[in-house]
Amino acid sequence: MYDFFLGGKDNFAADREAAEQAVAANPGILDAVRANRAFLARTVGHLAARAGIRQFLDIGTGVPTANNTHEVAQRAAPSSRVAYVDNDPVVLAYSRALLTSTPEGAAAYIDADLRNVDEIREAAAATLDFDRPVGLIMAAILQYIPDADDPYAIVARLLDGLAPGSHLVVSHPASDIQASEVAESMQRYNQRAAEPATPRTHTEVTRFFDGLSLLDPGIVQIPHWRPEPGTPPGDDIFMWGGVGAKT
């Protein structure tokens, strides 16, 4: 579905049908998905080009499409190393087939659930050096962890295993932007989706960054995070996002 939303070709008829149903249930999802991809590219580009990050752990990567994390990072620093994590075998099959690293860097693919922090860390250690800073990318994934599974504890455990100088990138659907419309559309979406989503407020999303130093401009609607010149305002995008540094 994600690939279809972004105009890619690596999707099936069932994906396209489900995506069309999702758009019918939530018309804003298409713009949000595209804004989220642009946010990913800007944040990874910043970490690689300006923060000196050379390692990335991207959890919930989805089917490869344009401007994947390792492509953005390796454009700035060819030696960048990226470990992708997903629990969808189709995603992993496409990743292995479509994503190739620069000779100087690395791109690895891990089959694991976000909830299994120890498993992720153990597998990623084959590609990443956890004694050095890591960019932890959690773009549009934490909404699939319900409150009952304590997503804050999961993020905290992941961060605990990262060296000082590491950064966290989060984007997350908002429940307090166009609140009534989002609540209604999310309800319709969840009736059709295999993985129900939990949108969260600005305060709830900010909580993922507890103990970190937020980079300017803080937690904002994702088009507002250091936009490129000429970028549309995106005031109707119902997603919060930000970047924090571990000191």
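The values are calculated or read from the model by the stated rules, or taken from the named source; none is laboratory data. Small disclaimer: the values here were computed from a predicted structure and weren't measured. Counting neighbours? That spans all protein chains shown, and the Cβs are built from the backbone with ideal geometry, glycine included. Accessible surface is based on the protein model in full, side chains and every heavy atom, while ligands, DNA and RNA are left aside. Shrake-Rupley method; radii C 1.70, N 1.55, O 1.52, S 1.80 Å.
Can you list, bin by bin at 5 Å, the percent of alpha carbon pairs in segment 129-246, starting at 0?
Reading the bins upward from 0: 2, 11, 20, 22, 18, 14, 8, 4, 1.
First obtain the Kirkwood hydrodynamic radius of segment 63-174 from its Cα pairs, then insert it into the Stokes-Einstein equation at 37 °C and 0.692 mPa s, and state the resulting D in µm² per second as a whole number.
D, rounded to a whole number, is 222 µm²/s.
Calculate the spin-label point distance for Tyr152 paired with Ala49, positioning each point 7 Å from the Cα along the beta-carbon direction, and give it in nanometres.
Placing both labels 7 Å along Cα→Cβ, they lie 3.5 nm apart.
In what sequence, largest accessible area first, do Arg207, Arg200, Arg50, Arg115 appear using a 1.4 Å probe?
Arg50, Arg207, Arg115, Arg200
If we count every other residue with Cβ under 10 angstrom of Val117's Cβ, Lys/Arg +1 and Asp/Glu -1, where does the sum land?
Cβ neighbours under 10 Å give a net charge of -2.
Report in % the part of the accessible area of segment 95-146 that belongs to carbon and sulfur, leaving out ligands and nucleic acids; probe 1.4 Å.
Carbon and sulfur: 47 percent of the exposed surface of segment 95-146.
At a threshold of 8 angstrom on Cα-Cα distance, excluding pairs fewer than six apart, so keeping six or more, what relative contact order does segment 100-168 reach in percent?
Reported relative contact order: 38 percent.
Excluding ligands, DNA and RNA, what is the solvent-accessible area per residue of segment 126-186 at a probe of 1.4 Å, expressed in Å²?
Normalised by residue count, the accessible surface of segment 126-186 is 37 Å².
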